[in-house]
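Trainee: Here it is, the structure, as structure tokens.
Rule-based calculations on the coordinates, nothing more; no lab input. From a predicted model like this one, the values you see are computed outputs, not experimental measurements. Don't worry about glycine lacking a Cβ; one is built from the backbone with ideal geometry, like all the others, and counts go over all protein chains shown.
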Ligand SMILES: [Cu+2]
């Protein structure tokens, strides 16, 4: 009877310790983690539309970009220094592509489409990360 009682206790503790490891990992991983949510963006001539909501430094999010225009578009995310943090494929009309981006620091980030002359035509938006 005593051996049975000990075995039951060991099995009861094991799932709890696994759960606490997972929690630490999710909160402490600075880059390359799983996205916490998906931000839906539409691209058209020559603009992006969508509500990024509030993004905090350290957040990893997925951008799902749907081309609702007639020309090809893409979405690239640039840091305030102009470094590329992610870039979709060139998306043809009616199609969708997605990228996962980690915003490591607070600041202003740019979304751009640089297909042909779209950027000079104003296809850009900014995201403020607090
Ligand atoms: Cu474009």
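Trainee: Label residue 64 and residue 51 with points 7 Å out from Cα along Cα→Cβ: what is the distance between them in nm?
Mentor: Roughly 1.6 nm, to one decimal.
Trainee: In whole Å and largest first, what semi-axes does the C-alpha gyration tensor of region 33-129 yield when each eigenvalue is scaled by 5 and square-rooted? Before the final figure, lay out the partial values.
Mentor: On the way: eigenvalues 90, 41, 23 Å².
Equivalent-ellipsoid dimensions as semi-axes: 21, 14, 11 Å.
Trainee: Moving on. So if each residue of separation counts as 0.36 nm, and I subtract the Cα-Cα distance between residue 110 and residue 36, what length gain in nm does that give?
Mentor: Details: separation 74, 0.36 × 74 = 26.64 nm, distance 2.01 nm.
That pair, residue 110 and residue 36, stretches by 24.6 nm at full extension.
Trainee: Would you mind ranking 73, 118 by Cβ crowding within 10 Å, fewest neighbours first?
Mentor: By the 10 Å Cβ count, ascending, the order reads 118, 73.
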